[in-house]
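Structure record follows, encoded as structure tokens.
The values are calculated or read from the model by the stated rules, or taken from the named source; none is laboratory data. Owing to the predicted nature of the structure, the values given are computational and were not obtained by experimental measurement. A quick note on method: Cβ atoms are made from the backbone with ideal geometry, for glycine too, and the neighbour counts reach across all protein chains shown. The accessibility values were calculated without ligands, DNA or RNA, using every heavy atom of the protein model including side chains. Shrake-Rupley method; radii C 1.70, N 1.55, O 1.52, S 1.80 Å.
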Amino acid sequence: MLMKIDSAARIDLLARYKSRLQTGQSAIRERYLAEADAPRLLHERSQLIDELLRELWKELRFPDSLALVAVGGYGRGELYPASDIDLLLLLAEQPDALLTERLEQLVGLFWDIGLEIGHSVRTIEECLGEAAGDLTVMTALVEARLLIGNDKLFARFSSEFNNILDPQMFFLAKRIEQDDRYLRFQESPYSLEPNCKESPGGLRDLQSILWIAQAAGFGNSWQDLEQHGFITHEEAQGLEWRERFLQRLRIQLHLHVGRREDRLLFDYQTALAEQFGFSATPTRRVSEQLMQEYFQTAKTVIQLNTILLQNMGAAIFPLPEQIPHAINERFQNTHQLLDVVHEDVFNETPSAILEAFLLLQQHSELKGMTARTMRSLWRARILIDDEFRQNPENKALFLAIFKQKRGVMHELRRMNQFDILGRYLPNFGAIVGQMQHDLFHAYTVDQHIMQVLGNLRRFSETEFGHEYPFCSQLISGFDHSWVLYIAALFHDIAKGRGGGHSELGAVDAQEFCASHGLSAEDSEMVVWLVLNHLVMSSVAQKQDFSDPDVLAAFAAMVRDERHLTALYLFTVADIRGTSPKVWNSWKGQLLEQLFNQTRRLLIAGGQAPLTQGIIQERQEEAMRLMRFFAIPEAAHESLWNQLDAVYFLRHSAEEIAWHARILNYRIDSKQPIVKARIYPHGEGIEVMVYTLDQRQLFARLVGFFNRAGYNIMDARIHTTRHGYALDSFMLLDVSGRDSDRSMISYIEHELIDRLTRLAPPEAPASGRISRQVKHFPIQPKVTIQPLVTLQPDEEGILFVLSISASDRPGLLYIVAMALAAHGANLHTAKIVTLGERVEDTFLISGGDLDKSASRIKLETELLDRLK
């Protein structure tokens with residue numbers, strides 16, 4: 001007979017159970033904080049809820065015909081601090097009105113007590129029907145556990161559920177579900193802010209293994225899988241350790257945030273790392289250390305998940321007997337999979353570890369490895385020691401992997417996943433899972449290296465020729481392209497050690513090349529690339545390579561066309577492998593221009609050409625281009641007579657012709673002239689502004705462009721001899737518009753209006769600093785250094801203002817206003833945005849900059865504004 005309770009009894013009942021729940025959970029929390037025993041907290045919290053639910057069920061005298069069943073995570077006895085409590089109210093038949101009302105009251109009581117319930121009320125038939133069409137329901141019911149009520153009803157449910165549970169269909173469905181889940185997270189555990197439950201390598205990967213094992217009758221624990229021979233005792237212990245780490249991480253996250261949250265957001269990483277006992281070092285933040293342990297754990301979980309699912313799949317889907325085809329005395333082809341002839345192959349012949357990857361490259365008919373090969377290879381990784389590394393045969397095998405025509409990236413990724421790569425190269429192993437909170441790398445160090453390697457390989461593969469046509473053309477004629485892959489492997493291998501990672505990495509590369517018998521020429525190329533892999537990016541983005549001296553210095557550094565080509569290919573691959581946000585067509589165009597100009601200089605002998613010769617060549621080409629538009633021969637002369645040599649050095653012939661066409665016979669215009677066009681060499685808008693010079697002009701332009709939703713990528717500022725500003729800007733849209741073309745008329749009209757009215761500079765629209773910048777700020781750096789000018793009689797003393805800081809709304813406006821306050825003239829601006837970080841370079845002169853005290857004051861003012 002159902003017990004009815006009046007309001008007074010309800011208040012008393014709620015008070016008693018709420019108090020017990022709060023007292024019990026507080027005690028569990030305190031024990032956990034003292035001992036950090038994650039499995040104990042999960043079990044004790046589940047046990048506490050069990051007791052409360054059973055006693056409440058009894059006190060309310062629910063009929064014996066019902067059963068209260070725990071399902072999902074609660075069903076397996078794991079309750080995280082902020083997890084839902086999943087319940088099934090199992091009925092023998094459809095409830096009448098009275099029972100329905102009482103069940104609704106019961107669920108209401110659960111919530112009022114403070115239990116976050118996820119519940120369903122179903123008959124056995126309804127459970128089976130929903131499970132047949134919904135994998136989530138099927139999975140939850142796999143872990144069903146009777147709490148209280150009719151045990152015969154629950155036994156009948158269990159029996160009928162097991163009858164419809166098809167291990168093969170369940171296995172396939174869970175694999176598809178896992179593949180879909182991986183796709184949602186870009187198939188990588190190395191997100192800056194991973195989800196410790198759902199991301200690849202998270203808790204869900206471990207749960208999927210045990211769900212499939214339980215459905216197939218292999219048990220529901222790591223010990224059960226050990227008894228079935230799927231894993232060794234040591235592997236079972238390793239899985240338990242990694243599971244405990246992830247469990248503790250999720251518990252700490254729930255407790256720290258105070259609600260359900262499974263994402264390791266920047267906001268929480270530092271606090272969690274400190275709770276785990278990590279301490280900052282001179283070279284690494286506590287958050288980076290925690291995340292490295294997480295990423296290494298996730299990497300191992302993915303590998304064990306792959307091995308176990310393939311092994312269980314082989315047991316669930318036994319293949320028909322087939323005579324294997326021998327490859328050699330150690331390996332065979334079984335069902336188009338690489339198979340060891342017996343499970344002790346790697347123990348007997350350790351060099352077969354590397355040979356396995358080489359065979360997969362050399363035999364295109366092989367689609368992967370058999371389950372036992374993967375299992376044996378994983379267990380054999382510990383055989384890679386100093387003796388293994390010094391073995392000439394192993395050195396030759398390792399090097400051969402890089403020289404193959406196919407499968408280089410696929411096998412290197414597989415070697416990294418199996419921990420083979422990190423064991424063969426211990427310095428590489430040290431950076432596996434190492435996060436880089438430098439505001440522009442989006443990947444761990446090892447994954448960035450793999451991205452760079454992958455980009456270099458794509459340059460050489462014909463199916464990707466449309467993506468990188470110029471790079472594909474260059475690499476097709478580059479002999480021994482595999483040296484680029486070796487250099488990629490070492491270019492960031494010294495990250496996190498302190499000191500210059502390029503220099504330290506070059507030392508490692510030199511030792512590798514000497515040890516592995518590379519020729520002097522190939523060794524020199526590898527070491528040189530590692531040492532100089534940042535140079536071309538710096539010259540292209542931060543220096544004015546229209547300056548013949550800058551170009552000549554760069555040409556002297558690369559020495560010849562082979563080194564230039566190698567560095568260009570490497571630089572493109574490196575930048576594109578840093579973060580999806582870092583690369584854009586403007587950077588690509590800068591690098592290609594620097595490559596082409598340097599190559600022409602090298603072909604000409606490497607000496608800087610005379611300035612006058614460069615100017616004459618560009619003027620002649622500009623005149624040739626203007627003839628296509630039927631512009632009179634002498635139309636340009638009035639403009640060009642007002643421009644200095646630096647103008648012609650900083651602009652291409654095509655840009656010079658464009659300016660001359662626009663300003664044809666209008667050089668004394670009293671009205672501002674603004675023209676915009678789609679950038680002819682890629683994405684973005686190019687804007688030319690011509691107006692009588694005015695105070696705070698650059699600040700006025702910067703504020704306008706920012707409010708229009710554009711970032712300035714490049715600015716070239718000129719003042720004519722008769723007092724006009726001729727400024728050029730390269731803009732990239734950051735507002736997400738579909739097309740720049742619709743903005744051209746807006747920019748022209750609105751900017752002319754503002755310049756005509758001499759409207760005061762508009763501060764950029766306010767915006768939020770990104771969470772990454774907020775939690776991992778970098779110390780801004782500002783320097784002002786003198787520069788010897790090309791034309792000192794016209795420009796005076798030039799200074800290079802260099803700024804490195806966290807990106808933020810209005811940063812360029814801050815710089816513009818500071819320069820205006822000091823009366824400084826801006827000649828060029830090189831804007832380099834690296835994810836959430838900027839490294840900007842400005843060429844300035846005039847004002848009070850000739851006084852060292854004024855320069856120090858400007859530096860100090862900018863530092864204060866950028867903090």
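Residue count for region 311-328 under the criterion of being touching a strand residue (DSSP E or B) at 6+ places or on another chain (Cβ under 8 Å) and at pLDDT 90 or above: the result is 4.
What pairs come up if the first residue lies in region 831-850 and is of a type in the set (Gly, Ala, Ser), the second is modelled with pLDDT under 80 and surrounded by fewer than 19 Cβ atoms within 10 Å (Cβ to Cβ), and their beta carbons are under 6 Å apart, counting only those six or more places apart or on different chains? As it stands, the answer is Gly835/Lys581; Ser845/Gly796, since those pairs meet every condition given.
The set of residues from region 385-413 being acidic (Asp, Glu) and under 32 Å from the mean Cα position of the chain (by Cα) comprises Asp385, Glu411. Checking each residue in region 489-514 for being farther than 12 Å from Val445 by Cβ and touching a helix residue (DSSP H, G or I) at 6+ places or on another chain (Cβ under 6 Å) picks out Ser502, Ala506, Asp508, Ala509, Gln510, Cys513. Scanning region 329-358 for residues that are among the β-branched types (Val, Ile, Thr) and modelled with pLDDT of 95 or more, we see that the one that is farthest from Gln310 (Cα to Cα) is Thr349. The single condition from (1) open to solvent by less than 10 Å² (accessible area, probe 1.4 Å); (2) over 23 Å from Tyr32 (Cβ atoms); (3) in contact with a strand residue (DSSP E or B) (Cβ under 9 Å, 6 or more places away or on another chain) that Ile85 fails is (2). A residue that is free of Cβ contacts under 8 Å to residues at least 24 places away in the same chain and either within 27 Å of Arg263 (Cα to Cα) or outside any loop (DSSP other than H, G, I, E, B) (or both) occurs nowhere in region 140-149. Within region 103-139, the set of residues being open to solvent by less than 70 Å² (accessible area, probe 1.4 Å), in a helix (DSSP H, G or I) and of a type in the set (Asp, Glu) comprises Asp112, Glu126. Taking the conditions exactly as written (within 17 Å of Ala635 (Cβ to Cβ), at pLDDT 90 or above and buried (at least 21 other Cβ atoms within 10 Å of the Cβ)), does Leu663 satisfy them or not? When the stated conditions are applied, Leu663 passes them.
Kindly evaluate Leu225 against the criterion of being more than 23 Å from Asp84 (Cβ to Cβ) and either buried (at least 18 other Cβ atoms within 10 Å of the Cβ) or among the aromatic types (Phe, Trp, Tyr) (or both). It is true that Leu225 is more than 23 Å from Asp84 (Cβ to Cβ) and either buried (at least 18 other Cβ atoms within 10 Å of the Cβ) or among the aromatic types (Phe, Trp, Tyr) (or both). Scanning region 339-359 for residues that are surrounded by fewer than 19 Cβ atoms within 10 Å (Cβ to Cβ), closer than 16 Å to Arg372 by Cα and among the β-branched types (Val, Ile, Thr) returns a single hit, Val341. The set of residues in region 240-268 being of a type outside the set (Asp, Glu) and in a loop (DSSP other than H, G, I, E, B) consists of Gly258, Arg259, Arg260, Leu264, Leu265.
Can you spot a residue in region 280-294 that is touching a residue at least 40 places away in the same chain (Cβ under 8 Å), among the hydrophobic types (A, V, I, L, M, F, W, C) and closer than 26 Å to Ser221 by Cα? For region 280-294, residues touching a residue at least 40 places away in the same chain (Cβ under 8 Å), among the hydrophobic types (A, V, I, L, M, F, W, C) and closer than 26 Å to Ser221 by Cα: absent. All of (1) open to solvent by 10 Å² or more (accessible area, probe 1.4 Å); (2) closer than 22 Å to Ala140 by Cα hold for Asp64 with one exception: (2).
Scanning for something of a type in the set (Val, Ile, Thr) and open to solvent by less than 60 Å² (accessible area, probe 1.4 Å), does region 278-285 turn up at least one residue? No, there is no match, as no residue in region 278-285 is of a type in the set (Val, Ile, Thr) and open to solvent by less than 60 Å² (accessible area, probe 1.4 Å). Among the conditions (1) of a type in the set (A, V, I, L, M, F, W, C); (2) open to solvent by 20 Å² or more (accessible area, probe 1.4 Å); (3) at pLDDT below 85, the only one that Leu811 does not satisfy is (2). If I filter region 705-724 for residues that are closer than 30 Å to Ser287 by Cα, at pLDDT below 90 and either surrounded by 20 or more Cβ atoms within 10 Å (Cβ to Cβ) or not small (Gly, Ala, Ser) (or both), do I get at least one hit? Looking for residues that are closer than 30 Å to Ser287 by Cα, at pLDDT below 90 and either surrounded by 20 or more Cβ atoms within 10 Å (Cβ to Cβ) or not small (Gly, Ala, Ser) (or both), one finds none in region 705-724, hence no. Pick from region 23-59 the residues that are closer than 28 Å to Arg10 by Cα and acidic (Asp, Glu): which of them is nearest to the chain's Cα centre (by Cα)? The extreme case among them is Glu44.
Where helices (runs of 4 or more DSSP H) sit wholly within region 605-675, those with at least 3 residues that are within 30 Å of Arg559 (Cα to Cα) and over 45 Å from the mean Cα position of the chain (by Cα) occupy 611-627. Listed conditions (1) touching a strand residue (DSSP E or B) at 6+ places or on another chain (Cβ under 7 Å); (2) more than 30 Å from Gly217 (Cβ to Cβ); (3) assigned to a helix (DSSP H, G or I) are all met by Leu354, apart from (1). Scanning region 644-660 for residues that are at pLDDT 90 or above, open to solvent by 10 Å² or more (accessible area, probe 1.4 Å) and in contact with a strand residue (DSSP E or B) (Cβ under 8 Å, 6 or more places away or on another chain) yields a total of 2. Residues that are out of contact with any Phe, Trp or Tyr (no Cβ under 7 Å at 6 or more places or on another chain), closer than 30 Å to Glu617 by Cβ and assigned to a loop (DSSP other than H, G, I, E, B): does region 492-510 have at least one? Checked against the condition, which is being out of contact with any Phe, Trp or Tyr (no Cβ under 7 Å at 6 or more places or on another chain), closer than 30 Å to Glu617 by Cβ and assigned to a loop (DSSP other than H, G, I, E, B), region 492-510 yields no hits at all. In region 530-541, the condition of being small (Gly, Ala, Ser), touching a helix residue (DSSP H, G or I) at 6+ places or on another chain (Cβ under 7 Å) and not in a loop (DSSP other than H, G, I, E, B) is met by at least one residue. Going through (1) open to solvent by less than 50 Å² (accessible area, probe 1.4 Å); (2) among the aliphatic types (A, V, I, L, M); (3) modelled with pLDDT under 95; (4) more than 24 Å from Val445 (Cβ to Cβ) one by one, Val582 falls short only on (4). If you go through region 208-224 one residue at a time, do you hit one that is part of a loop (DSSP other than H, G, I, E, B) and hydrophobic (A, V, I, L, M, F, W, C)? For region 208-224, residues part of a loop (DSSP other than H, G, I, E, B) and hydrophobic (A, V, I, L, M, F, W, C): present. The residue pairs whose first member lies in region 558-569 and is touching a residue at least 24 places away in the same chain (Cβ under 8 Å) and of a type in the set (Val, Ile, Thr), whose second member is assigned to a helix (DSSP H, G or I) and open to solvent by less than 10 Å² (accessible area, probe 1.4 Å), and whose beta carbons are closer than 7 Å, counting only pairs six or more residues apart or on different chains, are Val558/Leu564; Val558/Leu567; Val558/Thr598. Going by what's in this entry, would Leu564 be described as open to solvent by less than 10 Å² (accessible area, probe 1.4 Å), out of contact with any strand residue (DSSP E or B) (no Cβ under 6 Å at 6 or more places or on another chain) and modelled with pLDDT of 95 or more? Taking the combined requirement at face value, the residue satisfies it. Taking region 163-207 as the range and being assigned to a loop (DSSP other than H, G, I, E, B), farther than 22 Å from Leu225 by Cβ and open to solvent by 20 Å² or more (accessible area, probe 1.4 Å) as the test, the residues that pass are Phe185, Gln186, Glu187, Ser188, Ser191, Leu192, Glu193, Glu198.
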